[in-house]
Amino acid sequence: MLLILVLAPFAGSLVAICIPAHKGTASAWLSGSIALLCLAISAGLYPIVASDKVLRYDVSWLPELGLNFSLRMDGFAWMFASLVTAIGLLVVIYARYYMSSSDPVPRFFALFLAFMGAMLGVVLSGNLILLAIFWELTSIISFLLIGYWHHNANARDGARMALTVTGTGGLCMFVGLMLIGHIVGSYDLDVVLNSGDLIRNDPLYTTVLILILLGALTKSAQFPFHFWLPHAMAAPTPVSAYLHSATLVKAGVFLLTRLWPVMAGTDQWFWIVGLAGLSTLLLGAYFAIFQQDLKGLLAYSTISHLGLITVLLSLGSPLAAVAAIFHTMNHATFKASLFMAAGIIDHETGTRDMRRLSGLFKYMPITATLAMVASASMAGVPLLNGFLSKEMFFAEAIETHRYNILDTITPYVATLASMFSVTYSLRFIYSVFFGPPPLDLPKTPHEPPHWMLAPIYFLVFSCLVVGVIPTLTIGPFLHTAVQSVLGDATPVYSLAVWHGWNLPLYMSLIALAGGGGLFLIMRPYLATSTEGPPFFRRLEGQRIFERVLVTLSWKWARSIEMRAGTRRLQPQMRILVAVAVIAGAVTLLSQGFKPATIAFRSIDPAFALIWLIGMVCAVGAAYQAKFHRLAALVLLGGAGLVTCLTFVWLSAPDLAVTQLLVEIVTTVLILLGLRWLPKRIEDPNGPEMMTISTRLRRLRDLATALFAGLGMMLVSYTMMSRELPETISSYFLERAYGEGGGTNVVNVILVDFRGFDTLGEIAVLCIVALTVFALLLRFRPAIESLEAPEQQRVQNAFDDDHPDRKKGDSIAEYLLVPSVIMRWMFPVIGMLAAFLFFRGHDLPGGGFAAGIAMSIAFILQYMAGGTRWVEERLRIHPLRWMAIGLLVATVTGLGSWVFGYPFLTSYAQYVTLPVIGKIPLATAILFDLGVFSLVLGATVLILIALAHQSVRAPRALIRAAKLAAKENA
């Protein structure tokens, strides 16, 4: 059930993204069903976690490194999972009526579900590395959600700022989590939570603490990283209601609370977390008073309340931890309802500017009543849930935890910040719902549809019920969450509404009275103010962020690029190779390298002749590259063929087959690219009169190539000429058949022993193919370098309606091979690909070689018949092939989890078939099938796109070519 809880939102996201854009209602129903399913699973698991049990789901991931895919649910994780799913369900209902039909609504719900899954992964992760992975997923998906309206510059800026800040903090946190694993000796969360003394007494504790806090404080928008949250308000209101009430910003306080038993209780924790929390609590409340945008006010109030939770966690007291957990739950309810109310006001009036809004109670009485109750809860008014947790906050603030100035000023800062919260809550209520009727609004205000109000009904009702009878409603759930965090240290606490006349109550009364008076004093100024807070303007986080970003990305980076960088490929390659050569030489010389004696014995003259031909081809290709590209390509192909023969000579047929097929494909690829390259600028003095600088440059390139080649030769010879007691090859040779079910050791390594590497490589190949395709869609052919008749011919070739374009116009007319023979090669090469694929596990071949071979068959058809001829007869879907290949390879790996084995573990068995008899069969063949499909799709996509014969978007390429022709004219 834990696995379903985490994976169901991701599965729903994949389905939602496939729904047509005009079917937003279907995607909303899908999202609501997924959220309801997850909520039902969480509710069904409550009786188990309520009995102090910890649910776990473990799957072997990298057992040699002590890493498993572990999901873990205790009472605290259950509380967060319930918040994520319950509020997620309410936001889906709300978004169904909020989102416009002109928006790509399925994309919104796809991202929404993916974020829900990532957040559930954070709270249910059973080891630190998995937590860090899901943590970064929340940053990436929130970036896409905040920038959902990407046509809006503010949305793009807010998304970039959020990703930069939270992503940087997440990387720091990841290092801190790895150090915790190093200290403890395990990344398992249960082991870490039982190693508090070990972590706190370690010399690395302060370093770990700072790194962890950088991740938590940036995520929860704590000072000085608070500035990104108000700019994230450019997102659609359902996104704000979800991310900034129960999920994204709560991830930081979740991490602080989760690690509270092992990290809290030290002076470092008290000072760093306490200073950040108190500063955030006060500054967030202060800035909220001056906001004119409804969502801006709610954003700064969110920052302030997150600071309140952080202050409670900094105190190191068990009672303070109870109050922090309680306020986390309460804040989620009243803040989600307020964001939804702000969205309704914006949706029905067309503005969120409080200077234009007034007197809306007359037009929207139900919305106004719900918003006022939620605002009162935010202000801490009695008989509402916000009052209870704020009373607990005051009670802990007046206790003595450390004898220092920070502990002394905490009660005063808490009272002042609470006074500010009353002020901005009153401003929200009065400015929007009372006063004269509104004038010149973009829309006539009215109540929204009933179902758009339903989520707010439920949340406000929760605020009331919890505030009146907390012990019967929230009490059991709070105890379950607290018990799982504090364990035996769980204190005795009371959720009674009335505790008598005590100091916390007096502090609440002072805050209510002072906040009301402050609002009355400032109301005339706030009604017309456009400048915002008069203080701290120079310390505004956005301005500092932008200055740092400009300094890093423009001044420093541009300066380094101008001095050390280049946009040309050749100098970049030269630098990379030179650095590699120097690094290898320094390493060898520093270790006292003593080369083995090279004995040239029994050298076969035929082999030496082959190598001599290869060297001549390589040198000739380097020489001709400056003068004649086609000749250089032919010579380069000769060097590649010599490499193939070398593999055959040295008994490496798998490498030889792959090398030969890759040589064919890359030669065609480069040939297709050559026709778009501009002409060489000929040296007026001729090649025999090269300048001194040209000669020196070519000598430098030759020296770099010689050093790199000699270095690789030396390393290879050293490895092959020394006898080692045990080698990697012997390990694979001994286990390939017994454990992998294949006699072709190379293929068994690729699809079994190192299958995870292969999965990563084909994923990279998929990304590269898509990137090349996207770039070539915008590629402008260099037709201006051609003569006028040739320019016209190229333009006509891209024009479907031009009479000069023949149906069979193709490359075949320039070849000596008749096109009919090239077409007949398709079934022959198809049989060859099938032969290579099915024999690959036991004999030379495999999915990669078969995919390359099959792509050659398609390329020949394009060369023989042209785009139209091929697409009228064959179904070419490289993007689908790539997607299916990646999916098949991944699902094959996941299938091993079902039987309790590590990811991508294969199973081999002899199968008896009729007539044929016994044949060996391994599940790795399915993985190889995925490799075949992806390699075929990626290769065909790149080659066809480079030839300007696009499969999926030919019209787009034609339009690009026509546009280029017009601009050139």
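Read-outs throughout are calculated quantities, based only on the coordinates presented, and are distinct from any laboratory measurement. These figures come from a predicted structure and were not determined experimentally. Here the Cβ is made from the backbone with ideal geometry for all residues, glycine too, and neighbour counts use every protein chain on show.
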Mean Cα-pair separation over length for the chain, i.e. relative contact order, pairs under 8 Å, 6 or more apart, %: 9
Loop chymotrypsin sites (Phe, Trp or Tyr not before Pro), region 86-118 (other Cβ atoms within 10 Å of the site Cβ: 12 or fewer; DSSP): none
Tell me, how many Å apart are the Cα centres for region 374-430 and for region 1-47? 37
Give the Kirkwood hydrodynamic radius (Å, one decimal) of region 1-193, defined as one over the mean of 1/r across all pairs of different Cα atoms. 17.6
Compare the peptides 925-931, 38-44, 572-578 by average per-residue count of other Cβ atoms within 10 angstrom and give them in order, highest first. 925-931, 38-44, 572-578
Once you've got the Cα coordinates, tell me which of K250/K390; K53/K335; K250/K443; K250/K362; K362/K443; K295/K555 are over 24 Å apart. K53/K335; K250/K443; K250/K362; K295/K555
For region 102-196, rounded, prolate or oblate, judged on the Cα gyration tensor with a ≥ b ≥ c (square roots of eigenvalues), a/c < 1.5 rounded, else prolate if a/b > b/c? oblate
Within 10 Å, at most 16 other Cβ atoms, and a DSSP state outside H, G, I, E, B define an exposed site. Report the longest part of the chain free of exposed GluC sites (Glu not before Pro). 1-398
Of all DSSP beta bridges having both residues in the chain, the percent classed as antiparallel (nearest 5) is 100
Taking Cα atoms, how many degrees apart are the long axis of helix 653-674 and the longest axis of the chain, rounded to 10 and kept between 0 and 90? 80
Can you pull the percent of Cα pairs in region 400-474 with separation above 18 Å? 71
Residue-averaged 222 nm ellipticity for the chain, from DSSP H runs of 4+ at -39500 (n - 2.57), nearest 500: -23500 deg cm²/dmol
Just for the Cα atoms in region 1-95, what are the lengths along the principal axes, largest first, rounded to whole Å? 47, 33, 15
Please sort by residue number the trypsin sites (Lys or Arg not before Pro) in region 336-368 whose DSSP state is loop and whose Cβ has at most 12 other Cβ atoms within 10 Å. K362
Quick one: Cα centre-to-centre distance for region 264-339 and region 443-499, in angstrom? 17
Starting from the alpha-carbon convex hull of region 243-313, give the projected area averaged over all orientations, in nm². 4.5
Can you work out the Karplus-derived ³J(HN,Hα) for every residue in region 366-380? Use 6.51 cos²θ - 1.76 cosθ + 1.60 with θ = phi - 60°, whole Hz, and x for glycine or proline. 5, 4, 4, 4, 4, 5, 5, 5, 5, 5, 5, 5, 5, 7, x
If packing is taken as the average number of other Cβ atoms within 10 Å across a peptide's residues, how do 765-773, 910-918, 126-134 rank, most packed first? 126-134, 765-773, 910-918
Based on the Kirkwood radius over alpha-carbon pairs, what is the Stokes-Einstein translational diffusion coefficient of the chain at 37 °C with 0.692 mPa s viscosity, in µm²/s? 100
How long are the semi-axes of the equivalent ellipsoid of region 602-644, taking √(5λ) for every eigenvalue λ of the Cα gyration tensor, in whole Å from largest down? 23, 9, 5
Just check region 296-427 against the gyration tensor rule for me: Cα atoms, a ≥ b ≥ c as the square roots of the eigenvalues, rounded for a/c under 1.5, and otherwise prolate or oblate depending on whether a/b exceeds b/c. prolate
Region 398-495: chymotrypsin sites (Phe, Trp or Tyr not before Pro) in DSSP loop, at most 11 other beta carbons within 10 Å: Y403
